[in-house]
Amino acid sequence: MSDRHIPAVMGTQHPDNANAPFWDSSQQPFISAYRETREAYENFKILDIEEYMWDWEGKHADAAVIDRLFSTHYEYFKDHQLGRDKFLTFRFPNIWEEKGYNLMQAMTAFLSSEDFAHDLGFDQRPLFEAILPMAKRADQIIEMQDLFQRLAQFKSSTFTPSEANTPYIEMIPLFEEFETQYHAPEILKEYLRLHEKHFGFRPKYLRVFLAGSDSALSAGFMSSIVGNKLALARLHRFAEEEKIAIYPISGTGSPIFRGGLSPRRVERYLTEFPGVRTATVQSAFRYDFPIDEAQAGITYLKEHLPEAKPLEINDRDEQLLIEVAEKSTEYYRATLDQLIPDMQPIFKAFPKRRDRRQHVGVLGYSRSVDNIELPRAINFTGAFYSIGVPPEFIGFGRALQSLDATHLSTLVRHYPSMKKDFTELARFVNLDALAILKTHSSAWAEVEEDILFLQELFNFEIKPETLEEQQHHEIALQVVQFQHSAPVALTALINSMAQLRHFLG
């Protein structure tokens, strides 16, 4: 597949939409696993998304997705072949983090879909690459490929000897934390060595996935945006050194905390993350704006992402930015530890949008900071917005205040949208709600310090500008005042606010 088309836009199943999807006549924002096949088709056809993530990580997924798509929409997929023109990319469960019940099911779906496509006369197997979430080491990526190879060979020899399956699968490592993102080139260098040893050849290209949400959740917004930039620059430098094509994927949601990619921020996204070759347009991007805006945003990304000159960061700036990220993480974590108890009622009332497995226990896993279990990044982000405290502020102001002139100027140079971002975020701050929260814990005063320092630095106003923002402002105070009331009432308030700001979390 040397002439492989690399998609510029990947639709995902991230449950961050406030509103019902455009294709749903029942107008329900909750999208069950049974409706996700229809969703994939509508996203391919109506939004002209090139790639769609089929998520097996921590959630229920339909193993018969290819059968259903081909059976229900044969004419469309005859002209827009999966694996050639459109791409369905599985996100595998990480068997080092959660039970591997789903993995064999997902891998078997690869093999049966190849058989079905062959019987229909299609010239390309529909599924050929998969994402490994929370990848940390090169040998994990190889192990997934080895497992697939052995399963394909077993199926071909035992069940379908007359129809041999392709025993090779392409893997996309998803690096989530600052450390693994920064060291992605070293991990990939080892992967190339192991790949050549195991398979006898070197891949023609690599796709690498950089998370935006979980890095912000675990280390704070400043660390996350710096980490993403460093990883992007280092990956493109690595590609030149190794003489291999690299196509980074960026996992970004609509709120700035989770990357800031919405139909109204596509230009800002290109400014901040040049060198990303595939952007994830999550549920809020696709369903919380008028459909023509979503389509225009997708078209813009398709036109500009492939051509953007990659980010370059020299060695001196790289070291300075690492120190900035480390300092900001300290402020973020020290404060967050003390805020979490106050946030529990909001976390518990957070509305669901997808069929998720239980977050902890036999089937799931949890993410934690300093041994404190946290909700998923979408719920975390939305919960803080729901109390009038956008999480981007946590630790950011004090970290910025602590930087010397050299570190500060380096960060400002590499984060050109900083002033604009925080000026916009200030419109969602409710200082009256924060005043109530401060009576619960002194840590909220630290967040207030973050906000007020950034206000002084950037000279922005802390108040809503639009009618929607004014309504959001008023409900945030209600959420804080009634946070210990019935969860169903809190859920209704959280839903209303999400619609006003055009994302759940």
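The values are calculated or read from the model by the stated rules, or taken from the named source; none is laboratory data. The structure displayed is predicted, hence computed values, not measured ones. Ideal geometry is used to build each Cβ from the backbone, glycine not excepted, and the neighbour counts take in all protein chains shown. Keep in mind that these areas ignore ligands, DNA and RNA; they rest on the heavy atoms of the full protein, side chains included. Shrake-Rupley method; radii C 1.70, N 1.55, O 1.52, S 1.80 Å.
Tabulated values for the structure
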read-out: Integer Hz, Karplus 6.51/-1.76/1.60 couplings in order for the stretch 302-310, x for Gly and Pro; value: 4, 6, 9, 4, x, 9, 5, 5, x
read-out: Highest to lowest packing among 243-249, 435-441, 465-471, scored as the average C-beta count within 10 Å; value: 243-249, 435-441, 465-471
read-out: Option label - semi-axes √(5λ) of the Cα gyration tensor in Å computed here, alternatives (i) 38, 26, 21; (ii) 33, 31, 21; (iii) 56, 23, 20; value: (i)
read-out: Rough spin-label spacing in nm, given labels placed 7 Å along Cα→Cβ, for Gln124 and Phe201; value: 1.7
read-out: Packing rank of 203-212, 96-105, where each peptide gets the mean count of other beta carbons within 10 Å, highest leading; value: 203-212, 96-105
read-out: Relative contact order of the stretch 17-162, pairs being alpha-carbon contacts under 8 Å that are 6 or more residues apart, as %; value: 20
read-out: Rel. contact order, % - alpha carbon contacts under 8 angstrom, at least six apart, the chain; value: 17
read-out: Protein accessible area in the chain, 1.4 Å probe - carbon and sulfur %; value: 51
read-out: Shape call, the stretch 1-147: gyration tensor on alpha carbons, a/c limit 1.5; value: oblate
read-out: The chain: calculated mean residue ellipticity at 222 nm from DSSP helix runs of at least 4, using -39500 (n - 2.57); value: -16500 deg cm²/dmol
read-out: Cα-based helix-to-principal-axis angle, 184-199 vs the chain, degrees rounded to 10; value: 10
read-out: Calculated log₁₀ intensity ratio I(q)/I(0) where the Debye formula runs over C-alpha points of the stretch 433-473, q = 0.22, 0.26, 0.30 Å⁻¹; value: -0.83, -0.91, -0.93
read-out: Theoretical gain in end-to-end length, Ile6 to Glu242 [0.36 nm per residue, Cα-Cα removed]; value: 83.0 nm
read-out: Long-range amide H partners of Val208 with built H, under 5 Å; value: Tyr247, Ile249
read-out: Rounded to the nearest 10 Å², the accessible area of Asp119 at probe 1.4 Å; value: 110
read-out: Spatially proximal lysines relative to Lys327 (Cα-Cα < 28 Å; intrachain offsets below 8 disregarded); value: Lys136, Lys229, Lys419, Lys420, Lys438
read-out: Under 5 Å, built H, 5+ apart or other chain: amide partners of Trp54; value: Thr89, Phe90, Arg91
read-out: Where Thr72, Thr299, Thr410 fall by accessible area, highest first, once all protein chains stay in place (1.4 Å); value: Thr72, Thr299, Thr410
read-out: Projected-area average for the stretch 180-237 over all orientations - Cα convex hull basis, square nanometres; value: 4.2
read-out: Shape call, the stretch 189-306: gyration tensor on alpha carbons, a/c limit 1.5; value: prolate
read-out: Alpha carbon centroid spacing (whole Å) that separates the stretch 306-329 from the stretch 251-279; value: 17
read-out: Computed over the stretch 39-101: relative contact order in percent, which uses C-alpha pairs under 8 Å that are six or more apart; value: 44
read-out: Residues with amide H under 5 Å from that of Glu170, placed H, sequence gap 5 or more; value: Glu129, Ala130
read-out: Accessible area of the chain divided out per residue, in Å², using a probe of 1.4 angstrom; value: 39
read-out: Accessible-area ranking of Glu461, Glu114, largest first, probe 1.4 Å; value: Glu461, Glu114
read-out: Rounded to whole Hz, the Karplus (6.51, -1.76, 1.60) HN-Hα couplings of the stretch 161-172, x for glycine and proline; value: x, 7, 10, 6, 8, 5, x, 10, 10, 8, 10, 10
read-out: Spatial extent of the stretch 79-194: Rg and Dmax, with the Cα atoms as the point set, Å; value: 15.3, 47
read-out: Antiparallel DSSP beta bridges within the chain, as percent of all bridges there, nearest 5; value: 10
